[in-house]
Every structure is written in C-alpha cells, then in structure tokens.
1. Which shape class applies to the range 268-309: rounded if a/c is under 1.5, otherwise prolate when a/b exceeds b/c and oblate if not, where a ≥ b ≥ c are the square roots of the Cα gyration tensor eigenvalues?
2. Which whole-angstrom value gives the distance between the alpha carbon centres of the range 249-315 and the range 22-77?
3. Dipole magnitude of the range 1-154 about its Cα centre, charges +1 at Lys/Arg Cβ and -1 at Asp/Glu Cβ only, in debye to the nearest 20?
4. Taking 7 Å along the Cα-to-C-beta vector as the label spot, tell me the CYS12-SER51 distance in nanometres, rounded to one decimal.
5. Rolling a 1.4 angstrom probe over the protein heavy atoms, how many square angstrom per residue are accessible across the chain?
6. Among LEU94, LEU294, LEU153, determine the one that fluctuates most according to a GNM of the chain built with springs between C-alpha atoms less than 10 Å apart.
7. Mind sorting out which of (1) 11; (2) 25; (3) 17 is the real percent of Cα pairs over 38 Å apart computed from the coordinates?
8. Taking the Cα centre of the chain as origin, work out the dipole magnitude from +1 charges on Lys and Arg Cβ and -1 charges on Asp and Glu Cβ, in debye rounded to 20.
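The values are calculated or read from the model by the stated rules, or taken from the named source; none is laboratory data. As the structure is a prediction and not an experimental result, all values here were calculated from the model. Because the Cβ atoms are built from the backbone with ideal geometry, glycine has one as well, and the counts that use them run over all protein chains shown. Quick note on the areas: whole protein, heavy atoms, side chains included, nothing else; ligands and nucleic acids left out. Shrake-Rupley method; radii C 1.70, N 1.55, O 1.52, S 1.80 Å.
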Amino acid sequence: MTDSSATPRRWCLDWPTSGGGRVATADLKTVPEDFRVDEILDDFPVITDLSEVSGSGEHLCLRLEKSGDNTEYVARELAKLSGCRAFDVGFCGLKDRHAVTRQWFSIYRPGLVSEDEAYLARVAERWQVVGACRSSRKLRRGDHQGNRFVISLRQVSGDRERIDQALARVKGQGAPNYFGPQRFGHDGSNLDRAASMDPDALDSRGRRGKGKKRGGAGASKNVLYFSAARSWIFNQILAARVKSGDWLSPMDGEPGLNGQPGTVTGPLWGDGGTTAEEAQARLEWQIAEQYPELLKVFSTTRMKPERRPLVARPADLNWHWLDDDCLQVAFSLAPGQYATTVLSDLFELEDRSLGQHNKQHG
C-alpha cells in the first residue's frame, strides 16, 4: 500500500457545473467598484442620523463602507481607535478587500455613550460611516440574514442568448453550493497541511491539563486546515451528485438542515463522520473514505458533524448588459454562500484583483 503522506496528493480545485459546462469567459474585479457587497442585517437601521445615535446598550454598532481593507483589519483598527481589546469588536462575516463593501461592526463601549459622537468622527476619517446605533449584544459570525451583491463582469466572451438562458436556469434552480478554491490554499496547500497532521500529537496536546494554555496562532492554523479538509470532502460529495444529476433532490437517509426535513444537504465532516443514513450515508462514506489522510484528523478535532445545503439559491437574481461585453448581475445569498461560486457555475472567471492569469472557479 502506498503511504499517502509520503507522496502529496494532487488536488483538482475545479468541480462539475450544473449545466455540463461554462457558457462564457469574463473578467472579475477589474476595479473594486465591479464587486459590491451589502450586508443584510434586519436588526439594525440601514441609515441613521449619525449626530444622534439611536438605540441603547453597551455595544456601539457601525455600518461602514470600505474598499481595500479586509474585515479583520478593520476590526483591529476599530479596537485601537476605541482603546478596547480586538476581541471586543464583533462582525457577522468576512468581506473581500478587493471590493466595495458595506457591513456592520459592534464595538464594546459600556458607559461611553457621551463619547460616541467623537468616536464616530475618528472612524469617519478612515471609512465612510453609513449607519450607527447602540445594541445590547455583540455581533457574531452568521448573525446577518445574508449579503446582496451587485457584480459587473467585463470582457464577457460568449453567446449572449446562451448566457441569458444559463442565468435564467440558475435563477430557477440555483447553483451547486461549492466552497471556493481559495479555502484550500495555493494548489491545495491547506489540504496538504491537514493531511500531514499527526493526530496522536494533536490529541496529546489536548490532554495536557486544564492549567495549560491552549490556542494561539498554531491552534488558529489547525482550525484553518481542519476547515479545508471538511470543505474538500463536502465538495467531492457534491461533485459526485452533480455528475449523477441528483443534487437537487433528497436521497433516502437525508437528515435535512438543523433537523428540518426537505433541504438537500451534504456533510460537513466531523468526529463520527456524517449524520446521514441509508443510501445517502453509504454514498458519503464511500466518497470520504477515498481521502483517509484527511479523515484521520477528525478523530481528534471533536468537530461535531454538521450539514450544509447542496444548493446555493440566489434570491432576486436579475441582470442587464451595460455594454456589448459588460454584464451586471445582482442577487442575494444566505450567509456562508459565495457569489463567485454561483457565477463560476456559468462563467470561466479571471479575477483581475489577483493579477494576470489567475483563474478562479469558486
């Protein structure tokens, strides 16, 4: 038997499309304004009178428009401006730096209501403040209802009628809900790291005792690699179902999402594998067991098996041609779903924000 750890696996970071192939090529993110993201958070007002912040609570919540800065960097800078810990700044999800994005941040500022106006002025020197309110709770990952995207694709090359038909198809049925290749690192480097982990060493670190410090940069990296491993297994199972044509319909043994039947899902692998049963469990195990070097890490992660929808369903999808080779597409997605994944089901995308000759399929 070949030792899988001795010879690195070659990871194919492209997956089957729902229509049997992409219908056109296009440039993505030629300029940041080509990729606009607006976070949907119904709990807070979209626009407020910034001279008189509404609401009450220990957290000051700001809706910022930004470009060129990623979410985690902005959160750290907001903490510095406030004099609080980085942990005291919350947000709902990560947004791309190569875009124009609007999203909410919460900053823990108890007893400082009288200083809100001065703090807002300091923040406004760095980013446009388009909303503000007070809240009793910190924002956490996934608190938002979704994201609204307005994306301009340039240098579109393909038959316009076929493109319009393909967009209409995705509007009706959705697109495969793959994780994008960026999650797996350059040429699958995050998967290589996951495959090379020593579960015994990880387990021994977990048994050091309650008095020992845990976490840190190493733990964060491990989470990144674990996440890549479970995302890969999900993508491979979804790819198999797209090939077989049954990715839109439940199989026998489908557990549903959060215990609710009706949703077609795939596994986010964990300790114990999958929560599916019957035919669906057999299929998921059959595919997952092709990657024993990834499965071995889950015996020590204590990650609970979860489910993820197989279908990304863009809401309110509409599009119009700005020019002969420039197409603007707008739609909303649920948290954890990716606009580039939806578009990659139809287009061979070249992400211009990454430089020349960088293909992106997800």
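1. Working: a/c = 2.14, a/b = 1.25, b/c = 1.72.
Oblate, because a/c is 1.5 or more while a/b does not exceed b/c.
2. 32 Å
3. For this selection, approximately 500 debye.
4. Spacing of the two 7 Å Cα→Cβ label points: 6.3 nm.
5. Accessible area per residue: 49 Å².
6. Its mean-square fluctuation being the largest, the pick is LEU94.
7. (2)
8. Dipole of the chain, to the nearest 20 debye: 1420 debye.
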